[in-house]
Amino acid sequence: MSLITTKNLSKKQLDAIMNKAQEMEPYAQKKQAGTMMKGRILATLFYEPSTRTRLSFETAMLRMGGSVISVADADSSSLAKGETIADTARVVSRYADIIAIRHPKEGSAREAADYADVPIINAGDGAGDHPTQGLLDVYTIQKEKGTMEGLNIVLSGDLTHSRTAGSLAYLLAHYGVNLTFLAPESMRMKEEVTTFLREKGVSYTETDDTDTALRNADVLYATRVQRERFSNQKEYDRLKDRFVFNKALIEKHNASMLILHPLPRVYELSTDLDEVPGAAYFRQVSNGVSIRMALISLLLSSSL
Ligand code: NCD
């Protein structure tokens, strides 16, 4: 099995991933050195910028005793010579046991999975999906809050282009949470996601007013305006700092609000928020290692 989107994951699969991540914590937290992946190779193919995702995939594999081979930028690989994703997937399957791929084209991870002989993990396909981030976001909320049931969760920012917000929203449909999408008209949550939520009978609210969204909020998930997905620089400049959250604003609504962000943050989270107890975006990063360890193990043992 490959992991391309969070849309089709069942609650049973989700629980298995969360439990496995929990089991992996001692290894992710550097308390124990793992050997369970000895002799296995992860290939990381990143054709778009990344710091956290690639490094945390590689950390996850290395701390489980496995090895990593990687293509760190598109210009240094055969894609630059015109090789197709299909051929790249066929070739890398001959070297590695599992592949994590990030590519600017939506649908690229699915295409790779169609031609690879080993499991593919989508590490971000354009504005499409980013399943491992969505999973680590759920893991973080559960860990920080103890339960998901009844939480008021606000997703804000560039909900049209943010692949992490979409992947997270699909997953949140499995829990009894109340969803609010805070975005201006031109960056509203993707139609594909809202259609899915309606089909699943999950109610959600959409607003462009910060105070309305944050009233009663337990969790704020902020995202960056995705500059690289705008064809019009002027439009990006108009929207880039449309929502900026700072300490005073959060404390006005709920001093213990959990604040998450997939990072990198640009304008949307002021640094004075870092001292707020609910600012969990750096703890969220550590959870990324446990989740990716869990996914690599489950996919390689065909137990998902
Ligand atoms: C996100 C991404 O690449 O989509 N970053 C990440 O993987 N943590 C979010 C972003 O780039 O804004």
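Which residue, of 186, 156, 203, 167, is of a type in the set (Gly, Ala, Ser), out of contact with any Lys or Arg (no Cβ under 6 Å at 6 or more places or on another chain), more than 20 Å from residue 271 (Cα to Cα) and crowded, with 20+ Cβ neighbours inside 10 Å?
The unique qualifying residue is 167.
Can you tell me which residue within region 282-304, out of those that are of a type in the set (Ser, Thr, Tyr) and more than 19 Å from residue 124 (Cα to Cα), is surrounded by the fewest Cβ atoms within 10 Å (Cβ to Cβ)?
302
Check region 263-279 and report whether any residue there is polar (S, T, N, Q), surrounded by 22 or more Cβ atoms within 10 Å (Cβ to Cβ) and not in a loop (DSSP other than H, G, I, E, B).
no
State all residues of region 208-221 that are in contact with a Leu (Cβ under 6 Å, 6 or more places away or on another chain) and either at positive phi or not in a helix (DSSP H, G or I) (or both); if no residue qualifies, say none. Spell out the reasoning first.
From region 208-221, those in contact with a Leu (Cβ under 6 Å, 6 or more places away or on another chain) are 213, 218-219, 221; that's our starting set.
Those that are in contact with a Leu (Cβ under 6 Å, 6 or more places away or on another chain) and either at positive phi or not in a helix (DSSP H, G or I) (or both): 218, 219, 221.
Assess whether residue 203 counts as being over 30 Å from residue 105 (Cβ atoms) and modelled with pLDDT under 95.
yes
Would you be able to tell me the number of residues in region 239-261 that are over 21 Å from residue 282 (Cβ atoms), surrounded by fewer than 16 Cβ atoms within 10 Å (Cβ to Cβ) and either under 22 Å from the mean Cα position of the chain (by Cα) or within 16 Å of the ligand (Cβ to nearest atom) (or both)?
1
Where residues in region 170-183 are surrounded by 20 or more Cβ atoms within 10 Å (Cβ to Cβ) and not aliphatic (A, V, I, L, M), which of them is farthest from the ligand (Cβ to nearest atom)?
Within region 170-183, the match that is farthest from the ligand (Cβ to nearest atom) is 180.
Identify all residues within region 119-134 that are within 12 Å of the ligand (Cβ to nearest atom), crowded, with 24+ Cβ neighbours inside 10 Å and aliphatic (A, V, I, L, M); write none if there are none.
Of everything in region 119-134, just one residue is within 12 Å of the ligand (Cβ to nearest atom), crowded, with 24+ Cβ neighbours inside 10 Å and aliphatic (A, V, I, L, M), namely 123.
Can you tell me which residue within region 212-238, out of those that are among the aliphatic types (A, V, I, L, M) and within 16 Å of residue 253 (Cα to Cα), is nearest to the ligand (Cβ to nearest atom)?
Step by step, filter region 212-238, then rank; the result is 222.
Name the single residue, out of those in region 27-79 being in a helix (DSSP H, G or I), within 16 Å of the ligand (Cβ to nearest atom) and without any contact (Cβ under 8 Å) to a residue 60 or more places away in the chain, that is nearest to residue 3 (Cα to Cα).
58
For residue 54, only one of the following conditions fails: (1) under 21 Å from residue 102 (Cβ atoms); (2) assigned by TED's automatic domain parsing to the domain that holds residue 119; (3) crowded, with 19+ Cβ neighbours inside 10 Å; (4) touching a helix residue (DSSP H, G or I) at 6+ places or on another chain (Cβ under 8 Å). What is its number?
That leaves (4) as the condition not met.
The values are calculated or read from the model by the stated rules, or taken from the named source; none is laboratory data. The structure presented is a predicted model; accordingly, all values stated were derived computationally and were not measured. Using ideal geometry, Cβ is built from the backbone for each residue, glycine included, and neighbour counts are taken over all protein chains shown.
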